[in-house]
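Taking it in order: structure first as structure tokens, then the write-up.
The values are calculated or read from the model by the stated rules, or taken from the named source; none is laboratory data. In this text the structure is predicted, and so the values were computed from the model without any measurement. Neighbour counts are summed over all protein chains in view; Cβ atoms, including those assigned to glycine, are modelled from backbone coordinates with ideal geometry.
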Amino acid sequence: MSLLKIENLKANIDGKEILHGLNLEVKPGEIHAIMGPNGSGKSTLASVLAGKEEFEVTEGKVTFDGKDLFEMAPEDRAREGMFLAFQYPVEIPGVSNANFMKTAVNEVRKHRGQDALDAMDFLQLMKEKAAYVELDSQFLTRSVNQGFSGGEKKRNEIFQMAMLEPKLAIMDETDSGLDIDALRVVASGVNKLKNENNSFVVITHYQRLLDYIVPDYVHVLYKGRIVKSGTKELALELEEKGYDWIKELVD
Amino acid sequence: MSKTEFINKIANEFEILSDVLNGQKQSDSFSKRKEALDAFNEVGIPTLKHENWKYTKLAFMHQFDFELSLRGNLSKEELQALVPRFDAYRLVFVNGRFEENLSDVVQEKGLLIRNLADVLADSTISAVYSKIADYKKDPFLALNAAMAFEGAYIKVERNTVIDKPLHIVVINDSKDKSTKAYFRNLIDVAENASVKIIETNHTLGDNASLTNSVSEVFVAQNARAEYHKLQADTEKSYYFGNIQVQQERDSHFKTSVLSLSGKFIRNNINTVLNGTGCQSDMDGFYYVDADNTIDNHTYLDHAMPHCESNEFYKGIMNDKGTGIFNGKIMVRPDAQKTNAYQSNKNILLSDDATINTKPELEIYADDVKCSHGATCGYLDEESLFYLRARGIGEKEARTLLLNAFAGEVIERIGIEDLRNYATELVLNRLSF
């Protein structure tokens, strides 16, 4: 059975259609990379899946783990096991990372019918997961993303992913703007989390990331549709030839 | 009530008061009261045409028939139910009168606490009384100067550090009728001394209550003082507060004002930095809902060089609430090397809520660092979505964000009891 099934998805922002009938199927244990030129609709896809309200879905259907995704509020999608690693993580002054994660993890646990974690277990868990992405445990008392470098913000996204253990993680250009060391840390965090039951949709601009997170499938998104799919070799071809040949193919 | 009727009523109340003050009628201080009353009558209740009252509607002053009350009737049980118990010395004032039986006995070396009414005859004290709380500055200061006769006189002697805060409890007993009370503190912190003061105001009963509270604070050379106000009163409470401060060289003064409920609150804080090397901090948080008004006016007067001031006010407006922030910073020609920072951030939770924010910088020195910033907006949708995308429900996410917004002010309070109590109150007010 598929974990995520997108059928003929059309979505607007401010009355302008960005996604023009997109199809994608992700099975448990798979890594899918979505590549494409600027403005092709990559981030729109991520936002629509996570439930950002400024996007309007006009047509199509998305099933997540057997449930109708569009019937669920953003928080319910997260509780059901969907995770969006933000392209631009938000700074939240006054809310500590620890408090944020404690609230989030316990909401998700409640949804799954599990008891809330006690303070000691929770601290232990946070320290363990922070080490995945080489974040100093001091960061836990700092406000969410406030004063973080670009690399720290992205590592914090992966830390949160590790805390919430999603079934499906959508990574929206997590690699953009990262230097090679930060990229390695982020990729190694993802690889530690990867198992045969969870899946990743990796949205990226650059083939470079896929040297570290090796995809099972690569899709090219252009003008709001997936116009070509292949294996990791397709990414190398895109890296070499750019997107012009794809554009010619479609236009 | 017309303006004339109002002035007659005040004159009448002044007569009642004069009888209570029998024996002082020939004194200097009594003639000062008369002058203050004349000063008030000249201006009357300010209207929106007065620059300092431009956004503050005071029509209620004419509508309500507040009765001057010179004595309340409060049991220990009522006090206990009404007022939080901090690890602090408690001084209780009911309807403007000192209640010795309800107050703690304070025995600390170098700390003198008296009822102001008992010490005003002392010429060294009457010499400084009203010196900085000059009634010409503000009509409600004038009214207070004419009518208030009790309050706390607090003297902290040289080199005395008082660790335990003093909690000034201001209560209006409005069980039987609408009540009006005046109340005045004089706080004198001598060289190298240190003291922390908390003032909370409360109304007992369902009737309307009007409080006019003035605190005059002298902070001598190298001394430290903190004055915290927590305002969480009833929906029929009206409050005019003044803190008038003079700081001498190398002194440190801090105020924080947390206004969480009440029909009407006006806070004036006016600080003169009268020596070099002073540090002055002003923090504030206000939450206004229903059709209430909370108005904060601050004035920082950098009169001397090498001083630093930090002002940090934040507010949340809901329903048809009105918030007003006016922060004036004056940097006089002598005040070179001044560092003055001011920030006022506001969140509107409803389309009918209003905030009027006005930073005012007047700078006459050329080698200074001054900055100010004011923002107004709705709760940040991006932040809200970020929290929801991690599984936190919308309601809980809002609560978390709003409390974090307020928390940035509250966490700066150095008194643990007060900080915890305020955090809890804010959580109560900001859970929807």
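Brief remarks on what is shown
Condition check ((1) more than 10 Å from chain B (Cβ to nearest Cβ); (2) surrounded by fewer than 16 Cβ atoms within 10 Å (Cβ to Cβ); (3) part of a strand (DSSP E or B); (4) not acidic (Asp, Glu)) across all residues:
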site: A:95; (1), (2), (3), (4): no, no, yes, yes
site: A:110; (1), (2), (3), (4): no, yes, no, yes
site: A:128; (1), (2), (3), (4): yes, yes, no, no
site: A:131; (1), (2), (3), (4): yes, yes, no, yes
site: A:146; (1), (2), (3), (4): yes, yes, no, yes
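- Residue among B:138, B:188, B:163 that is modelled with pLDDT of 95 or more and crowded, with 20+ Cβ neighbours inside 10 Å: B:188
- When region B:375-389 is filtered for residues that are acidic (Asp, Glu) and either more than 10 Å from chain A (Cβ to nearest Cβ) or touching a residue at least 12 places away in the same chain (Cβ under 8 Å) (or both), only B:380 remains.
- Considering region A:39-58, and only residues there that are touching a residue at least 24 places away in the same chain (Cβ under 8 Å), of a type outside the set (D, E, K, R) and part of a loop (DSSP other than H, G, I, E, B), the residue that is farthest from residue B:387 (Cα to Cα) turns out to be A:40.
- Test: residue in region A:148-170 that is more than 11 Å from chain B (Cβ to nearest Cβ), more than 14 Å from the chain's Cα centre (by Cα) and assigned to a loop (DSSP other than H, G, I, E, B): yes
- Scanning region B:138-159 for residues that are assigned to a loop (DSSP other than H, G, I, E, B) and under 19 Å from residue B:90 (Cα atoms) yields a count of 2.
- Selected residue (criterion: farthest from the other protein chains (Cβ to nearest Cβ)) from residues of region B:390-407 that are hydrophobic (A, V, I, L, M, F, W, C) and in a helix (DSSP H, G or I): B:402
- Of the residues B:263, B:236, B:254, the single one that is of a type in the set (Lys, Arg), over 17 Å from residue B:323 (Cα atoms) and either within 17 Å of the chain's Cα centre (by Cα) or crowded, with 22+ Cβ neighbours inside 10 Å (or both) is B:254.
- Among the residues of region B:161-198, those identified as of a type in the set (D, E, K, R) and either outside any strand (DSSP E or B) or more than 23 Å from residue B:146 (Cα to Cα) (or both) are B:163, B:164, B:175, B:176, B:177, B:191, B:196.
- Check on residue B:347, surrounded by 17 or more Cβ atoms within 10 Å (Cβ to Cβ), in contact (Cβ under 8 Å) with a residue 40 or more places away in the chain and within 14 Å of chain A (Cβ to nearest Cβ): yes
- When residue A:100 is tested against (1) under 30 Å from residue A:245 (Cβ atoms); (2) within 11 Å of chain B (Cβ to nearest Cβ), just one condition goes unmet, and that condition is (1).
- Being modelled with pLDDT of 95 or more and within 16 Å of the chain's Cα centre (by Cα) holds for only one residue in B:338, B:293, B:322, and it is B:293.
- Qualifying positions in region A:62-89 - surrounded by fewer than 18 Cβ atoms within 10 Å (Cβ to Cβ), more than 13 Å from the chain's Cα centre (by Cα) and not acidic (Asp, Glu): A:63, A:66, A:67, A:70, A:72, A:73
- Any hit, region B:331-344, residues being within 14 Å of another protein chain (Cβ to nearest Cβ), buried (at least 16 other Cβ atoms within 10 Å of the Cβ), in contact (Cβ under 8 Å) with a residue 60 or more places away in the chain and not hydrophobic (A, V, I, L, M, F, W, C): no
- If you go through region B:408-426 and keep only what is facing chain A (nearest Cβ under 10 Å), part of a helix (DSSP H, G or I) and farther than 15 Å from residue A:144 by Cα, you end up with B:409, B:410.
- Checking residue B:180 against (1) within 20 Å of residue B:12 (Cβ to Cβ); (2) modelled with pLDDT of 95 or more, the condition it does not meet: (2)
- Selected residue [out of contact with any Asp or Glu (no Cβ under 9 Å at 6 or more places or on another chain), farther than 20 Å from residue B:184 by Cα, modelled with pLDDT under 95 and surrounded by fewer than 18 Cβ atoms within 10 Å (Cβ to Cβ)] from B:127, B:59, B:81: B:59
- Restricting region B:387-418 to residues that are surrounded by fewer than 18 Cβ atoms within 10 Å (Cβ to Cβ) and under 22 Å from the mean Cα position of the chain (by Cα) leaves a set whose member that is nearest to residue A:80 (Cα to Cα) is B:408.
- Criterion violated by residue B:97 - all others in (1) modelled with pLDDT of 95 or more; (2) charged (D, E, K, R); (3) buried (at least 19 other Cβ atoms within 10 Å of the Cβ) satisfied: (1)
- The residues of region A:45-84 that are of a type in the set (Ser, Thr, Tyr) and within 13 Å of chain B (Cβ to nearest Cβ) amount to a single one, A:47.
- Test: residue in region A:183-204 that is in a loop (DSSP other than H, G, I, E, B), out of contact with any helix residue (DSSP H, G or I) (no Cβ under 6 Å at 6 or more places or on another chain), within 14 Å of chain B (Cβ to nearest Cβ) and not aliphatic (A, V, I, L, M): no
- Listed by first and then second residue, the pairs linking a residue in region B:290-310 that is closer than 30 Å to residue B:263 by Cα to a residue that is of a type in the set (Gly, Ala, Ser) and outside any loop (DSSP other than H, G, I, E, B), with Cβ atoms under 6 Å apart and 6 or more places separating them unless they lie on different chains, are B:294/B:259; B:294/B:323; B:296/B:284; B:298/B:327; B:300/B:309.
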